[in-house]
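What follows is a short report on a single structure.
The values are calculated or read from the model by the stated rules, or taken from the named source; none is laboratory data. Because the structure is a prediction, the values reported are computed rather than measured. Here the Cβ positions follow ideal geometry from the backbone for every residue, glycine too, while neighbour counts run over all protein chains shown.
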Amino acid sequence: MVMDFLDGGALDEITLRANVGDLSAVRLQQRVLREVSEMDLSVSVFGTTLRTPVGIAPMGLMSLFRPDADVALARAAQAAGTVFVHSAWSGTPLRDVAAAAPGSVWSQMTFWPDARLVEQHLQRAQDAGIEVLVIAADVSVSSKRDRDLRNGFTMEARPTPRSVLNAARRPRWLLNFLTSPRVAFGDQSVDGNPMNLKQMQEFMEHENTSATWRDVERIRALWPGRIVVKGIVSPDDARAAIDSGADAVYVSNHGGRQFDAQPSTVAALPAIAGAVDGQVPVLVDGGIRRGSDIVAMMALGASLCLVGRPVVYGAVHSGTAGAEHVLEILAEEASVALAFTGTTILRNVDRSVIAPT
Ligand SMILES: Cc1cc2nc3c(=O)[nH]c(=O)nc-3n(C[C@H](O)[C@H](O)[C@H](O)COP(=O)(O)O)c2cc1C
């Protein structure tokens, strides 16, 4: 049930499969007899150099997998020299995660129907010393996830014989789950009081279908730091994000968990990078599973890649060390793939490394 929540996507999981499938269909051009003794995988975003070209995307409800997952992921990102994006739907308060990995944490938020929640979030982020705000723009509408429905894994989840049996087969997870102090949403409160279960349910399910680019402009006027708009899959939206004051666009289809009738992010990326034309950094996630995927995304116009699910497997296995190991594997593979293309500086790769198919 819990693995399905992590692995799954919307409806028939067409976009989820396309993210991985389209990336693995990109072919890189091998070149030989070029000196590749000094590899440079660093990337630069907002004037900061990141040693590892892959950051950790925002993911909610991580404490379902492991009580300390958010802190473990943030520390892994910091150790690897990259960034972790804290989700607004995290069980661990932003300030605790930011304190665990100072300087390496960005904060994801969205437009809640109650404007007070937006203001509270901006204040919290500022108090925690956060410099980069990631606005999830693709959650105005929510989608069905068939795996979760089949498993009875919804906000009104009631234990069914199947889910009890399922949990009983994982005693260590069950013990962690039952004994950890479980705050479903570490940060959200109403009038200073922690949300009760019903409020949380409404908070999760109540989409703000009235949010528009005007809301991004409003946040621009309130937020002194950088703004990244996440969920961009169209060149026109990328331009709208820049016009609304965004400092970066983040190409993402939510890992195929939202709209299941759309192309992969690697298919959407080149036109968006073309529209952005170097004005702001272009971040991308979705289906990155090998280092060669990072080289492909960078060659097609990305400034920084992010991963979701892969680092969670590492964190569940062995906390910070496990997640860090996943980032290391990806970076090492990216280095080898880059060297095979006869190139040494990842941030400078261009389409010449993409092989004709
Ligand atoms: C379990 C899970 C929870 C997620 N929660 C959020 C979230 O709270 N906010 C958000 O903007 N994106 C969320 N996402 C989407 C990720 O930020 C990211 O776009 C996606 O996972 C990238 O694809 P990948 O898992 O193939 O690397 C979530 C993804 C997963 C797998």
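Which one is nearest to the ligand (Cβ to nearest atom) among residues in the range 1-44 that are among the charged types (D, E, K, R), in a loop (DSSP other than H, G, I, E, B) and within 30 Å of Leu174 (Cα to Cα)?
Start the filter on the range 1-44 by keeping residues that are among the charged types (D, E, K, R), which leaves 4, 7, 12-13, 17, 22, 27, 31, 34-35, 38, 40.
Now drop any that are not in a loop (DSSP other than H, G, I, E, B), which leaves 12-13, 27, 31, 34-35, 38.
Within this subset, residues satisfying the condition of being within 30 Å of Leu174 (Cα to Cα) are 12-13.
Working: Asp12: 16, Glu13: 11 Å.
Checking each candidate, the answer is Glu13.
Select from the range 146-177 the residues that are free of Cβ contacts under 8 Å to residues at least 12 places away in the same chain, of a type in the set (S, T, N, Q) and away from the ligand (no atom under 16 Å from the Cβ) and list them in ascending order.
Thr160, the sole residue that qualifies.
Limited to the range 217-262, what total is found for residues that are charged (D, E, K, R) and either within 12 Å of the ligand (Cβ to nearest atom) or buried (at least 17 other Cβ atoms within 10 Å of the Cβ) (or both)?
Of the range 217-262, the ones charged (D, E, K, R) are 217-218, 220, 226, 230, 236-237, 239, 243, 247, 257, 260.
Restricting the remaining residues to those that are either within 12 Å of the ligand (Cβ to nearest atom) or buried (at least 17 other Cβ atoms within 10 Å of the Cβ) (or both) gives 226, 230, 237, 239, 247, 257, 260.
Looking only at that region, the number is 7.
What are the residues in the range 269-307 that are within 15 Å of Glu333 (Cβ to Cβ) and polar (S, T, N, Q), if any?
Passing the criteria: only Ser292.
Each row is one residue, and each column tells you yes or no for (1) in contact (Cβ under 8 Å) with a residue 40 or more places away in the chain; (2) surrounded by fewer than 22 Cβ atoms within 10 Å (Cβ to Cβ); (3) under 16 Å from the mean Cα position of the chain (by Cα).
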| site | (1), (2), (3) |
| --- | --- |
| Thr49 | no, yes, no |
| Phe84 | no, no, yes |
| Gly103 | no, yes, no |
| Met109 | no, no, yes |
| Lys144 | yes, yes, no |
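Taking the condition modelled with pLDDT under 70 and surrounded by 11 or more Cβ atoms within 10 Å (Cβ to Cβ), does Pro181 pass? Steps first, please.
Numbers: modelled with pLDDT under 70: yes; surrounded by 11 or more Cβ atoms within 10 Å (Cβ to Cβ): no.
Here the answer is no, as Pro181 does not meet what is asked.
Just to be sure I understand, how many residues within the range 98-148 are in a loop (DSSP other than H, G, I, E, B), at pLDDT below 95 and of a type in the set (Val, Ile, Thr)?
Residues in the range 98-148 being in a loop (DSSP other than H, G, I, E, B), at pLDDT below 95 and of a type in the set (Val, Ile, Thr): 3 in total.
One residue is enough: does the range 57-67 have a residue meeting the conditions more than 16 Å from the ligand (Cβ to nearest atom), touching a residue at least 24 places away in the same chain (Cβ under 8 Å) and either over 25 Å from Ser180 (Cα atoms) or part of a loop (DSSP other than H, G, I, E, B) (or both)?
Step one: filter the range 57-67 for residues more than 16 Å from the ligand (Cβ to nearest atom), giving none.
Within the range 57-67, not a single residue is more than 16 Å from the ligand (Cβ to nearest atom), touching a residue at least 24 places away in the same chain (Cβ under 8 Å) and either over 25 Å from Ser180 (Cα atoms) or part of a loop (DSSP other than H, G, I, E, B) (or both).
In this structure, is Val71 modelled with pLDDT of 95 or more, more than 11 Å from the ligand (Cβ to nearest atom) and closer than 25 Å to Ile329 by Cα?
Values: modelled with pLDDT of 95 or more: yes; more than 11 Å from the ligand (Cβ to nearest atom): yes; closer than 25 Å to Ile329 by Cα: yes.
Spelling it out, Val71 is indeed modelled with pLDDT of 95 or more, more than 11 Å from the ligand (Cβ to nearest atom) and closer than 25 Å to Ile329 by Cα.
Residue check: is Ala275 away from the ligand (no atom under 16 Å from the Cβ), of a type outside the set (Asp, Glu) and either touching a residue at least 24 places away in the same chain (Cβ under 8 Å) or over 18 Å from Val43 (Cβ atoms) (or both)? So that I can check it myself, show each step before the final result.
Working: away from the ligand (no atom under 16 Å from the Cβ): yes; of a type outside the set (Asp, Glu): yes; either touching a residue at least 24 places away in the same chain (Cβ under 8 Å) or over 18 Å from Val43 (Cβ atoms) (or both): yes.
So Ala275 passes the test.
When residues of the range 107-127 are filtered for being out of contact with any Pro (no Cβ under 8 Å at 6 or more places or on another chain) and closer than 25 Å to Glu328 by Cα, how many remain?
1
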